[in-house]
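Notes for the one structure printed next.
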Amino acid sequence: MIMLREELSGFKPPRFFPGDLVLHVRYQYRGVVVASDPRFMADEQWYRSNKTQPNKDQPWYHVLVHESASSTYPAETSLELDESDEPITHPLLDQFFSGFEEGRYIRNDIPWPSK
C-alpha cells in the first residue's frame, strides 16, 4: 500500500507559502502570506468567535491585509491564489519581506511572532 507524505505526517501540505499573494474567497480582501501553521493553532475562544469556523485540521495562514494595518488568520479553504501579480500595501511588509519579484514577495528570516 502506498502512503502519501501527508498521511505519514498527519498534516496536509500547505497550498500557499510565505510571499504568495492570496485573495479571501468570502471577504474578497487581498493579502500576502507571512507564515503558516499545519493546523489551527489559535485559542478556542478566537475560533468560536469566527463567523465561518472552518475545519481546524487544515493549514491556516498568517496574512498581511492589503491597504490595512491588520493581519488575519484564515484557513486554507478560505483562500485562493491572487493572480493579479500586483504588490500590496501594508506597514509591516519591510519587516517580513526583502523584496517583490515576479508577483510574489521574498520572505526574510524574521519569524512571525508566536504566542
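The values are calculated or read from the model by the stated rules, or taken from the named source; none is laboratory data. As the structure is a computational prediction, the values presented were derived from the model and not from experiment. Methodologically, a virtual Cβ is constructed for each residue, glycine included, from the backbone with ideal geometry; neighbour enumeration extends over all protein chains shown.
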Taking the stretch 35-49 and keeping only residues that are over 22 Å from ASP109 (Cα atoms) and of a type in the set (A, V, I, L, M, F, W, C), one is left with PHE40, ALA42, TRP46
Across the stretch 58-94, what is the number of residues that are of a type in the set (Asp, Glu) and under 13 Å from ALA35 (Cα atoms)? 1
Across (1) surrounded by 12 or more Cβ atoms within 10 Å (Cβ to Cβ); (2) more than 16 Å from the chain's Cα centre (by Cα), TRP46 clears everything bar (1)
When you go through (1) modelled with pLDDT of 95 or more; (2) surrounded by fewer than 18 Cβ atoms within 10 Å (Cβ to Cβ); (3) of a type outside the set (Ser, Thr, Tyr) one by one for ARG104, which number turns out not to apply? (2)
Would you mention how many residues in the stretch 6-19 are modelled with pLDDT of 95 or more and either surrounded by fewer than 16 Cβ atoms within 10 Å (Cβ to Cβ) or touching a Leu at 6+ places or on another chain (Cβ under 7 Å) (or both)? 2
Please work out if THR52 is of a type in the set (Ser, Thr, Tyr), out of contact with any strand residue (DSSP E or B) (no Cβ under 7 Å at 6 or more places or on another chain) and modelled with pLDDT of 95 or more. no
Can you find a residue that is under 21 Å from GLU101 (Cβ atoms), at pLDDT 95 or above and within 11 Å of the chain's Cα centre (by Cα) anywhere in the stretch 65-76? no
Reported set for the stretch 56-84 where residues are exposed (fewer than 15 other Cβ atoms within 10 Å of the Cβ) and either touching a helix residue (DSSP H, G or I) at 6+ places or on another chain (Cβ under 7 Å) or charged (D, E, K, R) (or both) is LYS56, ASP57, GLU67, GLU80, GLU83
Restricting the stretch 78-109 to residues that are in contact (Cβ under 8 Å) with a residue 24 or more places away in the chain and hydroxyl-bearing (Ser, Thr, Tyr), which is farthest from LYS12 (Cα to Cα)? SER84
Note on SER36: of the conditions (1) exposed (fewer than 11 other Cβ atoms within 10 Å of the Cβ); (2) among the polar types (S, T, N, Q); (3) within 21 Å of PHE11 (Cα to Cα), unmet is (1)
